[in-house]
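Only one structure is covered here, and it is reproduced in the block below.
The values are calculated or read from the model by the stated rules, or taken from the named source; none is laboratory data. Note that the structure is a prediction, hence the values are computed from the model and not measured. Cβ placement follows ideal geometry from the backbone for every residue including glycine, while neighbour counts extend to all protein chains displayed.
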């Protein structure tokens, strides 16, 4: 993936903005900057001043209160590790907690609380050497005695953690020294270091071997001062943060602003410095606001309409196929995303992933084939309830109405049920037979499949777990997970995507860019594409000019 695929800034003057970006990165000398600025019509004195400002802004500095407007959050949110199920909790966790590893802006897995990690030849044993001298916010030094309980919290039959499925292959976690931990797995996993970067697995202090998560103490760049579920969180900079070049703001405030209009008004009125999940319909209007810049990151974000295969009539694959064929995907990308995205193909692996199956035929709108599958299922004239809300994603209700119109031409009746925004993730998603959903995606294929598609996962929102195709899929995921030969691994993941496309319960019609509106006083470097808001790490990575 090219750098520019990750970080697209849409200013009022694209050419000038690109010059400023290159100046901040140091890829243009003064003479070349002024020459190119002149070609854009800028006088030399103005270009020189602009260059100085750009270079100055590229150097992070401390200070200020950064207010973030997030299009996520619920009154049922909890900070217990493993309950991290939306972007608000993800952004908050990464602000005041750390993991053993992290995903950097280039998509690589790098050490975080771990100083290094290495595997056995078959990838069944992983040893993490911990950084020494890292302190929790309460002054306690982090050691292996904190790391082991932090992971054991997600293991065992009684745990309610959504991270359990990721750690089921872990046979043992052993302290090899005060600052060294060994994980033994039941089968090889080449992506294990990526998995432990998840917000599900923060390292939390332990007391007598018991996880002390209720203290809300972490090792992160900020200390958590206040948390009101579904409303806000307030944080202050940690003066003892072990990353000297991160966490620049004195204070950070995160606001849950689920309503798209309210969220966009907040950033236009300068009530917040940035917002996520900008409605594509308003991008061109917000780009005209003088103090704002529109920032897009292309990554793994996709919008889905999961059908629960354990519930009739979605337990019939011909019915599921009829639904998939009855959707005009191009219309959704054009009218809902306004081309700020791409077509989906009923599986969760995007072009940003290493093993995306580009050979798989793109499913298209085909009312005749949809009618064929409806007839084969014996369900001609059936009416299906589709639960939706713009809490799922901006435009989810409109998307459902478009689907209703296109499906009608295939003889499929869709009853669009508008659900309340508050409580949508706890009362509708993963409970109603058919609903709207978004997935930020995951950096690796195994991580994405394990999060939402393999049997036993808490977030398997299609409940697709049994049957020959699901059995084959689950077997392939395990096989690919341990395969170190990249050619063989690619073949396995290609087949996984094909199986989900043909038999799975997920309708994945479109991939959406991460779109943010950011005050021009806020600076950042290359944006990550693995999650919204710079991989959920804007609080740590951004600064004021």
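Name the pairs whose Cβ atoms lie under 6 Å apart, with the first residue in the stretch 168-181 and over 28 Å from residue 456 (Cβ atoms), the second at pLDDT 95 or above and assigned to a strand (DSSP E or B), and 6 or more positions between them or separate chains?
Going by the 6 Å Cβ cut-off, the qualifying pairs are 176/182; 179/130; 180/129.
Has the stretch 174-190 got any residue that is out of contact with any strand residue (DSSP E or B) (no Cβ under 7 Å at 6 or more places or on another chain), modelled with pLDDT of 95 or more and under 24 Å from residue 73 (Cβ atoms)?
Among the residues of the stretch 174-190, not one is out of contact with any strand residue (DSSP E or B) (no Cβ under 7 Å at 6 or more places or on another chain), modelled with pLDDT of 95 or more and under 24 Å from residue 73 (Cβ atoms), which makes the answer no.
With respect to residue 201, is the statement that it is within 24 Å of the chain's Cα centre (by Cα), in a helix (DSSP H, G or I), surrounded by 15 or more Cβ atoms within 10 Å (Cβ to Cβ) and on the phi < 0 side of the Ramachandran plot true?
In short, no.
Hey, which of the strands (runs of 3 or more DSSP E) in the stretch 261-354, taking only ones fully inside, have at least 2 residues that are surrounded by 22 or more Cβ atoms within 10 Å (Cβ to Cβ)?
292-297, 302-306
Scanning for something more than 18 Å from the chain's Cα centre (by Cα) and under 30 Å from residue 246 (Cα atoms), does the stretch 495-503 turn up at least one residue?
Checked the stretch 495-503: no residue is more than 18 Å from the chain's Cα centre (by Cα) and under 30 Å from residue 246 (Cα atoms).
Out of the residues in the stretch 91-136 that are touching a helix residue (DSSP H, G or I) at 6+ places or on another chain (Cβ under 6 Å) and modelled with pLDDT of 95 or more, state the one that is farthest from residue 217 (Cα to Cα).
Applying the filter and picking the extreme gives 126.
Looking for something on the phi > 0 side of the Ramachandran plot and crowded, with 19+ Cβ neighbours inside 10 Å - is there at least one such residue anywhere in the stretch 98-111?
Scanning the stretch 98-111 turns up at least one residue that is on the phi > 0 side of the Ramachandran plot and crowded, with 19+ Cβ neighbours inside 10 Å.
With surrounded by fewer than 24 Cβ atoms within 10 Å (Cβ to Cβ) and modelled with pLDDT under 95 as the only criterion, which of 475, 526 stands out?
Among 475, 526, only 526 is surrounded by fewer than 24 Cβ atoms within 10 Å (Cβ to Cβ) and modelled with pLDDT under 95.
Of all residues in the stretch 221-244, which are touching a residue at least 12 places away in the same chain (Cβ under 8 Å), more than 24 Å from the chain's Cα centre (by Cα) and part of a loop (DSSP other than H, G, I, E, B)?
Once the filter is applied, which keeps residues that are touching a residue at least 12 places away in the same chain (Cβ under 8 Å), more than 24 Å from the chain's Cα centre (by Cα) and part of a loop (DSSP other than H, G, I, E, B), the stretch 221-244 yields 238, 240, 241, 242.
Scanning the stretch 295-328 for residues that are under 19 Å from the mean Cα position of the chain (by Cα) and more than 18 Å from residue 399 (Cα to Cα), which turns out modelled with the lowest pLDDT?
298
Name, by its number, the condition in (1) surrounded by fewer than 19 Cβ atoms within 10 Å (Cβ to Cβ); (2) in contact with a helix residue (DSSP H, G or I) (Cβ under 9 Å, 6 or more places away or on another chain) that does not hold for residue 427.
Only one criterion in (1) surrounded by fewer than 19 Cβ atoms within 10 Å (Cβ to Cβ); (2) in contact with a helix residue (DSSP H, G or I) (Cβ under 9 Å, 6 or more places away or on another chain) is unmet by residue 427, namely (2).
Identify the single condition in (1) outside any loop (DSSP other than H, G, I, E, B); (2) out of contact with any helix residue (DSSP H, G or I) (no Cβ under 6 Å at 6 or more places or on another chain); (3) modelled with pLDDT of 95 or more that residue 496 does not satisfy, given that it satisfies every other one.
That leaves (2) as the condition not met.
So which of 371, 329, 320 ends up being in the same structural domain as residue 415 (by TED's automatic domain parsing), farther than 29 Å from residue 281 by Cα and in contact with a strand residue (DSSP E or B) (Cβ under 6 Å, 6 or more places away or on another chain)?
Checking each option against the conditions leaves just 320.
Can you tell me which residue within the stretch 75-90, out of those that are in contact with a strand residue (DSSP E or B) (Cβ under 8 Å, 6 or more places away or on another chain) and in a helix (DSSP H, G or I), is modelled with the lowest pLDDT?
87
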